[in-house]
1. Per DSSP helix of 4 or more residues, -39500 (n - 2.57); summed, then divided by the residues of chain B. What does that give at 222 nm, rounded to the nearest 500?
2. On average, how many beta carbons from a partner chain sit within 10 Å of the beta carbon of a residue in A:125-137?
3. For residue B:220, which sequence-distant residues (separation of 5 or more, or a different chain) have an amide H within less than 5 Å of its own amide H, given hydrogens modelled in the peptide plane?
4. Filter chain A for me: DSSP H helices, axial length by Cα at least 20 angstrom, mean Kyte-Doolittle hydropathy not below -0.5. List them by residue number.
5. When Cβ neighbours within 10 Å are restricted to other protein chains, what is their mean count per residue of peptide B:252-262?
6. Label chain A by shape, choosing from rounded, prolate and oblate, from the square roots a ≥ b ≥ c of the eigenvalues of the Cα gyration tensor; if a/c is under 1.5 it is rounded, and otherwise prolate applies when a/b is larger than b/c, oblate when it is not.
7. What distance in nm lies between label points placed 7 Å from Cα along the C-beta direction at residue A:12 and residue A:228?
8. Evaluate peptide B:116-123: per residue, the Cβ atoms of other protein chains within 10 Å of its Cβ; return the mean as an integer.
Amino acid sequence: MFLLRRLAGTAVVVALLSIGVFCLLYLAPGSVQQTLLGTRPATPETIAAIQARYHLNDPLPVQYLSWLGGVLRGDLGTSIRTGMPVADMLGQRLPLTLALTGYGTVLAVLVGIPLGVAGALRRGRAADRLVVTAGVVGLSAPPFAVGLLLLVVFAAGLGWFPVYGVGEGFADQVLHLTLPAVALAVGAVGMLVRFSRAALIRELDQDYVVFARARGLGAPAVLGYALRNSLVPILTAAGLIVTGMLAGTVLVEVTFALPGLGSLLVDSVTFKDVPVVQALALLLTLLIAAVNLLVDVGYSAADPRVRLGGRPS
Amino acid sequence: MTRPSRVVTRPPVSVVTALAILLAVAVAAAFAPWLVPDATGQDLMLGISGPGPGHPLGTDDLGRDVLELLVAGARTAVPGALCVAAGSMLIGNLVGLPAGYLGGWADALAMRWADLMFSLPALLVAIVVAGVLGGGYGLAIAVLVVLFAPTDTRVVRGAVLEQRHRPYVEAARLKNLSAWRIMTRHVWPNIAPVALANAFLNFAYALVSLASLSFLGLGVPAGSPDWGRTLSDNRTQLLANPWAVIAPGLAIIATAAALNIVGDWLYERVDRRGRTR
């Protein structure tokens with residue numbers, strides 16, 4: 001029941017946003033025809049072809065529905081800039097972005113949560129203050145600034161990593177993606193440190209922890225209980241982290257000149273390649289909606305009270 | 001009403017450092033035209049050079065002094081972000097105050113709106129909308145104000161909900177004061193500190209977002225002395241003069257971190273005071 005309600009809510013949001021994405025075509029300066037023509041010559045034939053393709057002579061709701069119908073059948077239109085089907089372009093670029101964000105997420109989780117836990121266990125001491133400050137700095141630092149600083153130090157200065165390119169073969173690709181993934185992970189580390197530290201501190205103050213300690217349970221066992229219960233607030237961060245990663249990957253891909261979805265978005269936006277922008281916006285919308293839904297499923301698995309309509313404490 | 005005696009605590013080192021950074025940035029932003037009257041002046045004969053006499057941080061490929069660009073960049077970076085923080089705080093107060101105080105359908109409507117906006121990643125939407133509309137600094141600021149307002153609305157509404165059942169509100173209601181008057185004269189002064197602390201956090205995020213847009217070429221025009229723009233202009237010169245990249249990069253990170261540290265600190269103080277009252 002809980003999940004059904006969430007599913008319906010997500011569907012409504014996605015539907016509303018798809019209307020917004022469709023309207024991007026009308027946001028672009030100049031007439032829709034001009035936007036879709038791009039640099040092609042405006043002959044009567046090309047204009048007629050575009051009018052037929054996008055149903056420009058029909059009322060707006062009909063245009064929207066035919067566009068949506070095309071999208072649902074997997075027809076995302078053709079790029080104005082390259083003349084290629086948009087779906088193919090996305091397919092070419094998707095793997096790199098997935099690899100980059102996946103790598104970044106793994107790094108962020110491996111660094112962020114242990115740091116947050118360490119801070120919570122040494123609350124108020126110098127180590128904790130250092131962790132908190134580092135977390136805030138990480139949270140504040142935009143990925144492109146971090147990326148360029150990493151390039152200055154580790155690529156140009158020390159020569160440990162290549163400056164640009166994606167590399168050949170698995171090991172080389174991992175090496176090429178390391179600096180971008182670190183730049184991407186820094187913000188997420190900041191967020192995870194903050195959320196996991198705060199959540200664990202709250203749990204460690206609970207009576208059951210005092211009781212467990214009083215009964216003589218070892219520190220690892222007590223920490224285990226507290227960690228399990230601080231999972232829900234940490235999960236709250238997952239949605240924020242994924243949206244942060246998606247925005248960050250745009251900046252990181254441009255910084256490191258990587259051919260992923262993010263740099264495609266920037267190129268298309270600069271060129272006013274609206275069909276590609278629409279497809280990317282829609283893809284991002286779906287991704288974020290899916291992640292938020294997954295987070296909700298994760299909640300109800302980690303904390304049964306959520307399912308019963310209560311609030312996670 | 002007697003004020004609770006407030007224990008004067010010295011702010012932690014990190015906050016003092018952050019305030020010092022903010023002061024330096026504020027001075028640079030306020031006095032840049034007098035401090036560095038010719039920041040974008042080019043010296044094409046000199047071209048790119050490392051740190052040396054006359055140019056403590058060297059020059060970029062157009063022969064512009066990196067240190068002067070850094071100081072002038074504050075003037076471009078700060079006012080825009082301030083506009084975003086102030087604008088979204090204004091909207092947040094105007095919507096959040098009645099939503100929290102009146103409740104009912106106005107509240108439900110405002111919160112559904114905030115929920116919808118919340119599911120949007122602000123920076124990505126700003127990139128798409130500002131890009132498709134043709135870019136520009138003013139446009140970027142306007143888009144960010146719209147995208148940031150829901151956060152402020154939620155914070156203000158939450159703070160109002162905590163206040164509306166306090167005795168002083170009931171007393172004001174018994175005196176038959178209008179809802180508008182109670183909201184603006186009685187409730188608002190009590191939630192203003194929270195809104196201000198939140199504005200600091202928004203300020204930091206706006207600074208980073210605007211720098212990001214400028215970095216992508218969707219904010220300030222090319223050649224402007226903006227930190228994000230300078231970074232993007234100079235990123236091909238990593239090897240020739242690394243300082244041309246390090247200086248603006250560190251400036252963005254330090255300023256944003258300082259704003260967040262001060263904002264967090266304010267939040268904590270406001271929150272603690274709210275609980276003991």
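1. Working: 9 runs with 192 residues, N = 277.
Helices in chain B give a 222 nm mean residue ellipticity of -24000 deg cm²/dmol.
2. Mean shielding by partner chains, rounded to a whole number: 3.
3. B:214
4. On the way: long enough: A:2-27 (37 Å, 2.02); A:86-121 (50 Å, 1.39); A:126-140 (21 Å, 1.30); A:170-204 (44 Å, 1.17); A:231-255 (34 Å, 1.89); A:274-302 (41 Å, 1.92).
Within chain A the helices that satisfy the rule are A:2-27, A:86-121, A:126-140, A:170-204, A:231-255, A:274-302.
5. 5
6. Note, shape of chain A comes out oblate.
7. With each label placed 7 Å out from Cα toward Cβ, I get 3.6 nm.
8. Details: counts 5, 0, 5, 12, 7, 12, 2, 8.
Mean partner-chain Cβ count within 10 Å for B:116-123: 6.
Every number in this text was worked out from the coordinates using simple rules, so none of it is lab data. Everything quoted here is computed from the prediction, not taken from an experiment. Here the Cβ is made from the backbone with ideal geometry for all residues, glycine too, and neighbour counts use every protein chain on show.
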